[in-house]
Each structure stands twice: as C-alpha cells, then as structure tokens.
Amino acid sequence: MDALHRHRSLYKGTTSPWKETYRKRCVDRLKNSRSRLLERYRQTGDSPQRSGSGASIIVQEVMEEEWTALQSEDRRLPSLWGPEGMAEMFSVMKEYDELAVLEEIQQELVSHEMSIIEEYERNLQFEQQYISSVVEGMEDAYVICPICHTNNLNINSHFISCPCGLYINTEKQNFTPDVLRSLLESRVSEHMEDCLHNPVFSVALDTDCSPNLMISCKVCDYLSIVL
C-alpha cells in the first residue's frame, strides 16, 4: 500500500503518464493473442469466461502481463495484482484516480475482444454458407463456380470451365465434382483456421503459362493452389 501512496503523490492532479503506453501495449497484446482467444472460444462454444471484475480471462491476463512489463521499466508504478488477480487490484485502487483509467482500458479491451469474436462468427457463417453452396449446388453433380458464385462449373475429363471465363485444363487428372468439392472445402477451411477474413479465388498462370485455380487472402497473405 505504501507504493500506492507514493505513486499517487507523484501523479496527483495530473493525467497518468503511463496510461497511453499501457493502453497501446494491452491492445497490441490482445490482437496478438487472437489465436489463443479464438481457440478458447471454439473449445467452449460460448462467450469468453468472465472474471470477478467483468473482464474475460484473456483480458485479465493481457492487463496483468503488460502491467508487470511496464512496472519493470518504471519502479514507481505499484504492484497491483495479488493472489485474487484483477478483482483484488480494482478493490485496492477504488480510492485512487487511476481506477477510472484502468476501468477505461479494461472496457476498451473487452470491446476489442468482442469485435474479434463477432468478426470470427461472421466469417464462420460465410464459410459454412459457402461450403454448403459448394456441396449442395443445384444437384449433386454440380459445383458452383468459386470465382463468380453464380454459375455451375462444367466439369469433364478434359477441362473445368465457367461462363464467367474460368478455364482449367484437367486432362489426365480425372477430376470429378466430388474431388473438386473436397479441394475447395479443404482450402477454405485451411485458411479459416488462422484468418477471419474472406478469401478470394482467381486464375493465375504457372511457369508453363498453364492456368491454375488459386485461393488467396490479402489480409493474411494466404496463397494456395487449388488445382
């Protein structure tokens, strides 16, 4: 508690100088913890588990880790976390000006966290709808074009084509609708494991000037050949 009193006397009546540094570090760490957050979300299938202070476990961990790192650089900052974690910190800080600062940062992190989850849910829905459209099509024998999302692909023993301009030579590769559906599903799912944004399909020429069907994402730089 002595450290808290000293810290308060140093910054009383002024804006906490560590606020922006701490806030930025917490936001950056939370963004970098997106995979960990989504993995926990997938495992539970529910909203993030909340601690006694109202923050999720991930937010609590982010705030604790960044405060510890900041304190190691500025010994004037007090140790705020005890055995009870964030709940104890907020209890200790109630009578200090910094409580409002910490609560503001916590709410911003919770908002970022929910945005990550909402974006994941939107893209998961897109993935499910796309896979359903690919799998179902109009009939089992058809596959919807992944480029125009409108026409059914013409698939035979020599080529795969679409009125939108897609043309891939598949001679001697024995492609069937089932094989193509499996490839499309596999690539979309592979990308969605690490990125929340929608991938796009396109045609690109290889070194022999033969067209290949590609899947890519500008956000995460994912790139893969479908066929």
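The values are calculated or read from the model by the stated rules, or taken from the named source; none is laboratory data. Note that the structure is predicted; figures quoted are calculated from it, not measured. The protein model used for the area step is the full one, side chains on, heavy atoms only, and it has no ligands, DNA or RNA in it. Shrake-Rupley method; radii C 1.70, N 1.55, O 1.52, S 1.80 Å.
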Using a 1.4 angstrom probe on the protein heavy atoms only, line up HIS197, HIS191, HIS149 by accessible area, largest first.
HIS149, HIS197, HIS191
Expressed per residue, the solvent accessible area of segment 138-227 in Å² (1.4 Å probe) is about 58 Å²
